[in-house]
Amino acid sequence: MTMKHSSALQRSAVKSHHSAGAAAAGERLALDQAGIEAAKSDLHTGAVTPHFGPWREEIIGLLNDALATEWVCVLRYKRHHFTAVGLASPAIASEFLVHANDEAQHADRLARRIVQLGGEPDFNPDTLTQRSHASYSPARDLQAMIRANLIAERVAIEAYSQMVALIGDKDPTTRRLIESILEQEQHHAEELADWLTPA
Ligand SMILES: [Fe+2]
Ligand SMILES: [Fe+2]
């Protein structure tokens, strides 16, 4: 077989492989032109274009529940920080404050995204604990505080993981935000688990 013949055969094999793949999938990678046209109107909705479809309100709802969770976590960590200052481990007490500040940043990033999506961030303190996935904790000793915080972090990790799966490709920007917060919650949980004395 000549070199020329061989490469012609390879090209034909590649070509037939590609067309078989396209036929099997039965679909083309074509953009929805109607959606692109519709994006030129409704300018008051800012970054929200037709692609969001019916999911925008539900995504805002999920983000508001996460916002409530973050604020309950800020309050719990703040209380634990100031209460634990006099206890045996000042290093852990100061780490509680680091976590409180991280959770406050998470809350701000969620609120910013809610506004970007045309929603209203719900900071109503009357309903914070009802809407939060995680609980406030009145624990008084250090190990009870660590345990309560670890439970709250694990609840947040589970809720954020489920949100990532639910949102999927419906809103990639929100999904990436949640994934980045999720990574920090996992780091928090690892630290707390290291300090936990086995019961
Ligand atoms: Fe957080
Ligand atoms: Fe956290």
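A short reminder: the numbers here are calculations on the coordinates, not readings from a lab. Computed from a prediction, not measured in an experiment: that's the story for all the values here. Here the Cβ is made from the backbone with ideal geometry for all residues, glycine too, and neighbour counts use every protein chain on show.
The distance linking region 100-147 with region 174-199 is 15 Å (Cα centroid to Cα centroid, whole angstrom).
Between Arg176, Arg79, Arg28, the Gaussian network model of the chain with springs among Cα atoms under 10 angstrom shows the greatest mean-square fluctuation at Arg28.
For the chain, a simple Cβ point-charge model (Lys and Arg +1, Asp and Glu -1, everything else neutral) yields a dipole of about 720 debye relative to the Cα centre. Other residues whose C-beta falls under 14 angstrom from the C-beta of Ile167 contribute a net charge of -1, scoring Lys and Arg +1 and Asp and Glu -1.
Sorting 37-48, 121-132 by average packing, meaning the other beta carbons within 10 Å per residue, from highest down gives 121-132, 37-48. The convex hull drawn around the Cα atoms of the chain, when projected onto a plane and averaged over every direction, covers 19.2 nm². From helices alone, the chain scores -24000 deg cm²/dmol at 222 nm; the rule is -39500 (n - 2.57) for each run of n ≥ 4 DSSP H residues, then divide by the residue total. Extents of region 111-199, taken as max minus min of Cα coordinates on every principal axis and listed largest first, are 45, 30, 17 Å.
Summing +1 for each Lys or Arg and -1 for each Asp or Glu among the other residues whose beta-carbon sits under 14 angstrom from that of Ala91 gives -3.
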